[in-house]
Amino acid sequence: MRFLMMVKIDPGADRGEVRRSDLNAMDEYNQALRDAGALVAVDGLRDSSHGSRVTFEDGGAVVKDGPFTESKELVAGFWILELGSHTEAIEWAKRIPFANGEGVEIRQIAEDSDFENIK
Amino acid sequence: MRFMIIVKMTPAQENAVQDPSSFEEMGKYNQSLVDAGILLAAEGLTGSKDGAIVTFRKGGKPSVKDGPFTEAKELVAGFWIIQVKSLEEAVEWTKRIPGFADGESVEIRRVAEIADFEGIMSPETIAQEEAMRDVLSKKAN
């Protein structure tokens, strides 16, 4: 089973500066995932000033450029993991070296077999 | 530049029954991304009932909340990762996504590259990151 773990942050919250020690801790965590054979992908996203939002309405697509200052939570990065169960995904998520109000949403990635009864 | 295109839906839209023809249209769209040589990943997520949210607090243990997230205003339903030259190009590709016309919203975000961390990460960490990415891309191929 593959899982998407999304890091969600409140862009308005003061999270302080990024410290090298935090980055080193994250690097160790990523290495542990890799050593376990669980890591498919890990990436961070630039802040929302580098992004846009496209909303689809009856009249067509409406584009709004970032930053998305009105958002209470924004995705800041993600992992894609290959694991045996949902429980394993939660156990790995708990080990992420965060301690500052971050939320991590774990979602299962659909596999072809999930679409069989629709197609 | 890599961009992550994140599809967001309301909890009600998440549970809507999908028309089989919408998969065909989406398949064609994805093929056009492949043909343009820009598609790195395209995935859909299962409903939030299969998910969980882990929240981290200072000095405390992480708390776990199981899905479904019925009170959420919007839920991620899927994503693409594409490699294009500019945000404008990413927006143009996004506008062509088929089957959305009912207020669905798609967020386009730039994926950070190693170069974005120069001066923040130590050179050792950057080297480790690059080595890890090499291994991951080899695994994927």
Query - Point-charge dipole on Cβ atoms (K/R +1, D/E -1) for segment B:23-141, about Cα centre, debye to 20 - result: 460
**Report entry** Rounded to whole Hz, the Karplus (6.51, -1.76, 1.60) HN-Hα couplings of segment B:104-112, x for glycine and proline
**Finding:** 4, 10, 10, 9, 10, 10, 7, 7, 5
Report summary line: The answer for the longest stretch of chain A without any exposed GluC sites (Glu not before Pro) (DSSP loop, at most 13 further Cβ atoms within 10 Å) is A:18-69
Report summary line: Here the gain from full extension of B:D19 to B:R96, 0.36 nm per residue of separation minus their alpha-carbon distance, amounts to 25.8 nm
Report summary line: The set of residues whose placed amide H lies less than 5 Å from the amide H of A:R53, leaving out same-chain residues fewer than 5 positions away, is A:K64, A:D65, A:G66, B:I108
Report summary line: In whole percent, the Cα-Cα distances of segment B:1-99 spread across 10 Å bins from 0 upward as 13, 37, 29, 17, 4, 0
Report summary line: Each label sits 7 Å from Cα toward the beta-carbon; between A:R95 and A:S49 the label points are separated, in nm, by 3.6
Requested in this report: Classify the protein assembly as shown as rounded, prolate or oblate from the Cα gyration tensor: take a ≥ b ≥ c as the square roots of its eigenvalues, call it rounded if a/c is under 1.5, otherwise prolate when a/b beats b/c and oblate if not.
Outcome: rounded
**Report entry** Distance between modelled label sites at A:M1 and A:S85, nm, 7 Å Cα→Cβ extension
**Finding:** 0.9
**Report entry** Rounded if a/c under 1.5, otherwise prolate or oblate - segment A:1-116, Cα gyration tensor axes
**Finding:** oblate
Requested in this report: Among A:T69, A:T87, A:T55, determine the one that fluctuates most according to a GNM of chain A built with springs between C-alpha atoms less than 10 Å apart.
Outcome: A:T55
Report task. Sum up the lysine pairs in chain A that clear both bars: alpha-carbon distance under 24 Å and a spacing of 8 or more or different chains. Result -> 5
Report summary line: Within chain B, excluding any trypsin sites (Lys or Arg not before Pro) found in a DSSP loop (not H, G, I, E or B) and having at most 13 other Cβ atoms within 10 Å, the longest uninterrupted segment runs B:1-56
Report task. Return the average number of partner chain Cβ atoms within 10 angstrom of each residue Cβ along peptide A:22-33. Result -> 3
Query - Residue-averaged beta-carbon neighbours from other chains (10 angstrom radius) around A:93-105 - result: 5
**Report entry** Extension reserve of the A:D114-A:E28 stretch, reckoned as 0.36 nm per residue once the Cα distance is removed
**Finding:** 27.6 nm
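Read-outs: derived from the displayed coordinates by stated rules, not from any lab. Keep in mind the model is a prediction, meaning the values are calculated, not measured. Cβ atoms come from the backbone with ideal geometry, glycine included; neighbour counts cover every protein chain shown.
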